[in-house]
1. State whether the residues of segment B:94-111 include one that is surrounded by 14 or more Cβ atoms within 10 Å (Cβ to Cβ), of a type in the set (A, V, I, L, M, F, W, C) and assigned to a helix (DSSP H, G or I).
2. Look at B:Leu56 and say whether it is in a loop (DSSP other than H, G, I, E, B) and in contact with a strand residue (DSSP E or B) (Cβ under 6 Å, 6 or more places away or on another chain).
3. Can you tell which of B:Glu193, B:Glu233 is outside the structural domain of B:Asp298 (by TED's automatic domain parsing), under 29 Å from A:Gly338 (Cβ atoms) and modelled with pLDDT of 90 or more?
4. Within 7 Å of another protein chain (Cβ to nearest Cβ) and either in contact with a helix residue (DSSP H, G or I) (Cβ under 7 Å, 6 or more places away or on another chain) or small (Gly, Ala, Ser) (or both): is that true of A:Ala321 in this structure?
5. Filter segment B:174-209 down to the residues that are facing another protein chain (nearest Cβ under 7 Å) and in contact with a Cys (Cβ under 7 Å, 6 or more places away or on another chain) and list them by number.
6. If I filter segment B:160-173 for residues that are outside any loop (DSSP other than H, G, I, E, B) and within 9 Å of chain A (Cβ to nearest Cβ), do I get at least one hit?
7. Hey, B:Ala62 hits all of (1) surrounded by fewer than 13 Cβ atoms within 10 Å (Cβ to Cβ); (2) of a type in the set (Gly, Ala, Ser); (3) not in a helix (DSSP H, G or I) but one; which does it fall short on?
Amino acid sequence: MRRWPVAVVALASGRAAADPLQLRADALATTAAPAGLVTLEAIGDAGPGLSAEAVVWTGSASDQGRTDVLVMALRARTAGGRLAGRLGRFVETLGALRPIQIDGAAARARAPLGIDVEAYAGVPVTDGLATPRAWDWAAGGRIARTIGEVGSIGVAYAQQRDDGRLASEELGVDAGAALSQRDDASAKLAYDLANPGIAEVSVSASHRGRAVRTELYLSDRAASHLLPATSLFTVLGDVPAQHGGAVATWRAAPRLDVIADLGARRVDREIDPAIALRARLRLDDLGTSSLTAELRRDGAGTDTWTGARGAARIALPCSLAVTTELELVIADHDRGLGRVWPWGLAALAWDRGGWQAAIAVEGSASPEDRRRVDVLGQLGRRWGTP
Amino acid sequence: MTRTAIALTCLLLAACAGVLGLSRGGPQPFPHRAHATAGVACTRCHAGLDASPGALHIPDDAACATCHPKPHDARPCLSCHAAAGALAELAEARDHLVFDHQQHTAPTRGDCMRCHTGIAEGDDHLRPPMATCFRCHAHDAARDARRCEACHRGLMETQLLPESHLAHDGDWMREHGARAASSGDLCQTCHREAFCADCHGKTVPALPATRRFADPFAASVHRAGFTARHALEARAQPGACATCHAPARCVACHTSRGITGDGRRSPHPPGWVGPAAADNEHGRQARRDPAACASCHDGAGQALCVGCHKVGGVGGTPHPPGWSSKLPLAALPCRLCHPVGRAP
């Protein structure tokens, strides 16, 4: 039952694979799981109205091998853009509702008066190429209307059934507005209809100045409403967690960006800071060599922590580049798992023509491993437009 | 002390001015302003605007030599008198924009600065912003229908970032969720299916941070040492994991890694479950983050809970005051505690 979209798209993509055809193959090997991974990607554009895309992979971790499809989709659109559709395996995002990966179909129609209607139906994707359950399905729709040239507002509804049982039924409301050339605002709200209550709210508003962009954000999430409705843990009530704050992105110098994120988290009755300071310095005008540094203070209750991260990418002659990334996390409380967790990676990359290759050494200490060193290798080849 | 600090700061800035891009030791933007004020018409140097739409119309050394017959350097003029990346930016514009100078010279009466507004101020970016096009062209229908290909060629390959609306600045990884809700179709004009699926797909083999390990600036969730801090991040954001991962994901991974599973001791601290109210920390924690409980106890593990939390059981009702559900008692999970036909 779940294989039919794959077959249809495989046939259709052959027809869509006219120029430009892009192919890509990547192989990743690491001493940590997954031990090996091969990814094949193909994109075919048959003009502006029809395209096909597929990403398949095979990998092995320890003694287990697996092959799966990440994306296999055919996209079609009428010349005027009034109608658009997708068929196959893809991620569907319907307004304020959570993204869902399905094997199915989705369509969008632009009606007069600035009204958009979109809908999808299909089988929710689970790990592996097949599922033993016969009555898994998901369907949803959204209707949206543009508000002049300012923005749009939309209402979405989706229902998901797992093995015939109601797993999720949500109503979403989203709105976005470009209030001026410099001001944006957007909001979304997801309401759980199975166990009535607000599942998730997210609000963001930004102002873009000449050198500084500021953003105010707020989110509210109730974990019990994000679980499948069949879970016993959905009956425990609404104890939402909130996260709010402001972000300022400052172009301090032509090559230097400084980002400050000053926020707070509230979980149950506890309020804790969530602060991040970042800087990125481009070492040349095109940014081929860059440095970044970040300081963070985050967590909630007895799970607060402080962290620092630094990364660098230095371009070398002969299409080579050396990169390094370092992170140090210090937990406030020792739970018998240690408090200081460093992580580091150093890599040498080569990118020339259609070829890409990289090798890296990764070292870390974590609650799981007192110390660990892994080696990673990657080889990629592109054909067609990169 | 303050003077010393100011002096040190100035000294540091001066020392780093080149790195920060505050001073330029390399190629300089072309002095368009000087030429314009000297009365040099744009088309005198940028010849052929009316004839060859596919060309860049960049003047060569011979064009410069008509006024500057004695070059002060043997190198090509534009190797120094053009901002770094400016020529590459123009070539990219020619390849990816549906545009023809020929059609614009007559309507603008040869006034190039009607579109290239910043050029006289030494703007490095010779390509006008999109808003400039919209001053004259009513592309509302194409814009509303997301028919970007009317002006842009190969938008998915150019990797341009929006300059004004939906600017991918700050913490875009967090922000994109709220923005994409009402602009999903706009996102699809630049991003292919795999871009979303790389993080939101259930069949992701490895996240971008792993697959592109040699690029520390690649956008990705769970980067760097996330494995070490994931428990802290999960507890600080109840439900965040459940927005992408199935509840069973935690126990599946922990079991495969031998962290939890059969025969291992309980991960819960003393006082987690007990006869006295003070010994029932699990209730408070479960309300705070039920997704964390579900990550181990969902499915068959729910029997552990309903052993006490059932009608007439010692655990009492787990429902908070005013709780309601539209599910029938015969449906899961109600029937675990409420046998069909029996009043709650």
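The values are calculated or read from the model by the stated rules, or taken from the named source; none is laboratory data. Remember, predicted model here, so these are calculated numbers, not experimental data. Ideal geometry is used to build each Cβ from the backbone, glycine not excepted, and the neighbour counts take in all protein chains shown.
1. no
2. Judged against the criteria, B:Leu56 is not a match.
3. Answer to the check: B:Glu233.
4. no
5. B:Ala180, B:His200
6. Within segment B:160-173, none of the residues are outside any loop (DSSP other than H, G, I, E, B) and within 9 Å of chain A (Cβ to nearest Cβ).
7. With respect to (1) surrounded by fewer than 13 Cβ atoms within 10 Å (Cβ to Cβ); (2) of a type in the set (Gly, Ala, Ser); (3) not in a helix (DSSP H, G or I), B:Ala62 is out only on (3).
Yes/no per residue for (1) modelled with pLDDT under 85; (2) more than 14 Å from A:Ser224 (Cβ to Cβ); (3) in contact with a helix residue (DSSP H, G or I) (Cβ under 6 Å, 6 or more places away or on another chain):
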position	(1), (2), (3)
B:Pro290	no, no, yes
B:Gly301	yes, yes, no
B:His309	yes, yes, no
B:Gly313	yes, yes, no
B:Gly316	yes, yes, no
B:Ser324	yes, no, no
B:Leu336	yes, yes, yes
B:Pro339	yes, yes, no
